[in-house]
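The values are calculated or read from the model by the stated rules, or taken from the named source; none is laboratory data. Computed from a prediction, not measured in an experiment: that's the story for all the values here. Methodologically, a virtual Cβ is constructed for each residue, glycine included, from the backbone with ideal geometry; neighbour enumeration extends over all protein chains shown.
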Amino acid sequence: MIAIYTITSGLHDEAAVKAVSDEFLQSIFPDGGYEFKGADFSTFGLEADLNIIYIRTGGAEGIFKELLPGMLDAGVGFFTLLASGKSNSLAASLEILSYLRQNGLKGEVLHGSPEYISRRIALLEKVAVARATLSGTTIGIIGKPSDWLISSTWDADALLDKLGLSLVDIPMEDLVSAIGRPLDGLRGAEQIYNAIKQIVDERALKALTIRCFDLLTAVRNTGCYALAQLNTEGIPSSCEGDVPALLSMMVSRALTGRTGFQANPASIDVETGEILFAHCTIPFDLVDEFCYDTHFESGIGVGIHGHYPEGPVTVFKISGSLDRVFIAEGELFRNQYEANLCRTQVWLRLDPADARYFLTDPIGNHHIIIPGHHAALLRVFCNSLDIK
């Protein structure tokens, strides 16, 4: 739901302002789709997914400043200001946004053609819904991150403060105990899935990551099938205890509704922008066909060789401290299979400048590949958190 609140200087004639305002809002919302709250801010931040403050005239700055403490008490951290081209609406909005920034607060002025504003509002609404979906989520960390993930750290305070995410550590022994007597092959992989699902239900987890390589020695099998199935069921799950990769999967799913493929580059051509990504697990809902194989590094257990349909994709990675992001749109143009790589192998074509990022300033090695082009939506989300 979208709520429209208004601020108007008392120096302006209300009847004239209302006529202009009604026409302006009608041009942006020709089919309705919003609730008009007017100057009553008593429910601001409490009911709607997206709260828009329509600065109808100049001279509204002081009124906004008086209302601000109440809006902050409602937990609003990002302010969406709507400005028309009439009655000094834009000038007042810019002064208000500058004031917000001076005080460490975030916001955006919506101004331009009705079509542009409408598209921007649609993106902001999706971001607001995604942030509400993520808030209150409990993430399970089963075991510690794999020893080789030396840069894939996270800031638990930032995740809680900015996104409302809570992390809970779960000893690997709890999972091994839940698995019980290990079985071989696919039956054993399903056994691991059932044990993880038991922990998910008992701990009320909405997402998880697992130090999966420990399973190779503990139960002579892998978590690849379990993670593929959990992701398919809508429970974001990452490999190797990689919290930043999991965070990226959670954010992209909340925004797009699509599952992401956690993979790492295996080969890069910075001149053409072509990159080979690979990993041994891929969610079943991302592929049009698949077969079971062994896990690459160990040659045991169950890995998944899936065929990811060719077409537009977005590569996404957000840092665990919520201070860096990588977003690039491209095309998945080929699947391959070679025995000396992780089992699902896909070739992407990105802009060469985006490909060079991996060799000059990467956010770890794992990145998330999402079907479709979603860069604009992901950037709006990250901008709302001041992530560059």
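Structure values in brief
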read-out: Where ALA355 falls short, out of the listed (1) closer than 24 Å to ASP147 by Cα; (2) assigned to a helix (DSSP H, G or I); (3) aliphatic (A, V, I, L, M); value: (1)
read-out: Some residue of region 343-363 being modelled with pLDDT under 95, under 25 Å from ILE304 (Cβ atoms) and assigned by TED's automatic domain parsing to the domain that holds LEU163; value: yes
read-out: Enumeration of residues in region 336-346 that are surrounded by fewer than 17 Cβ atoms within 10 Å (Cβ to Cβ) and part of a strand (DSSP E or B); value: GLN336
read-out: Qualifying positions in region 107-143 - over 14 Å from the mean Cα position of the chain (by Cα), of a type in the set (A, V, I, L, M) and closer than 24 Å to ARG253 by Cα; value: ILE121, ALA122, ILE139, ILE141, ILE142
read-out: Options SER298, SER319: the member that is more than 24 Å from VAL270 (Cα to Cα), surrounded by fewer than 22 Cβ atoms within 10 Å (Cβ to Cβ) and not acidic (Asp, Glu); value: SER298
read-out: Filtered residue count, region 358-386, keeping only those that are part of a loop (DSSP other than H, G, I, E, B) and surrounded by fewer than 17 Cβ atoms within 10 Å (Cβ to Cβ); value: 5
read-out: Answer residue from region 144-159, given it is of a type outside the set (Ser, Thr, Tyr) and touching a strand residue (DSSP E or B) at 6+ places or on another chain (Cβ under 6 Å) and is farthest from LEU378 (Cα to Cα) among those; value: ALA156
read-out: Close pairs from region 346-358: first at negative phi, partner crowded, with 19+ Cβ neighbours inside 10 Å and among the hydroxyl-bearing types (Ser, Thr, Tyr), Cβ under 8 Å, at least 6 apart; value: VAL346/TYR308
read-out: Single match in GLU289, GLU297, GLU329 (criterion: in the same structural domain as SER151 (by TED's automatic domain parsing), of a type in the set (Asp, Glu) and under 26 Å from VAL127 (Cα atoms)); value: GLU329
read-out: Spans of strands (runs of 3 or more DSSP E) in region 202-318 with at least 2 residues under 30 Å from ARG181 (Cβ atoms) and in contact with a Ser or Thr (Cβ under 9 Å, 6 or more places away or on another chain); value: 207-210, 303-307
read-out: Residue that is in contact (Cβ under 8 Å) with a residue 12 or more places away in the chain, crowded, with 16+ Cβ neighbours inside 10 Å and not small (Gly, Ala, Ser), where the choices are ARG211, ARG220; value: ARG211
read-out: Qualifying residues in region 291-321 (those that are of a type in the set (A, V, I, L, M, F, W, C) and at pLDDT 95 or above) - the one farthest from THR153 (Cα to Cα); value: VAL313
read-out: Set LEU100, LEU159, LEU124, LEU105: member being within 22 Å of SER9 (Cα to Cα), aliphatic (A, V, I, L, M) and modelled with pLDDT of 90 or more; value: LEU100
read-out: Region 184-198, residues that are touching a residue at least 40 places away in the same chain (Cβ under 8 Å) and buried (at least 18 other Cβ atoms within 10 Å of the Cβ); value: GLY188, ALA189, ILE196
read-out: Some residue of region 6-13 being at pLDDT 90 or above, out of contact with any Gly (no Cβ under 6 Å at 6 or more places or on another chain) and among the small types (Gly, Ala, Ser); value: no
read-out: Search result, residues across region 160-190 that are farther than 15 Å from LEU215 by Cα, acidic (Asp, Glu) and part of a loop (DSSP other than H, G, I, E, B); value: none
read-out: Contacts under 7 angstrom Cβ, first residue in region 165-183 being without any contact (Cβ under 8 Å) to a residue 60 or more places away in the chain and within 22 Å of GLY320 (Cβ to Cβ), partner part of a loop (DSSP other than H, G, I, E, B) and of a type outside the set (Val, Ile, Thr), 6 or more apart; value: MET172/GLY143; MET172/ARG211
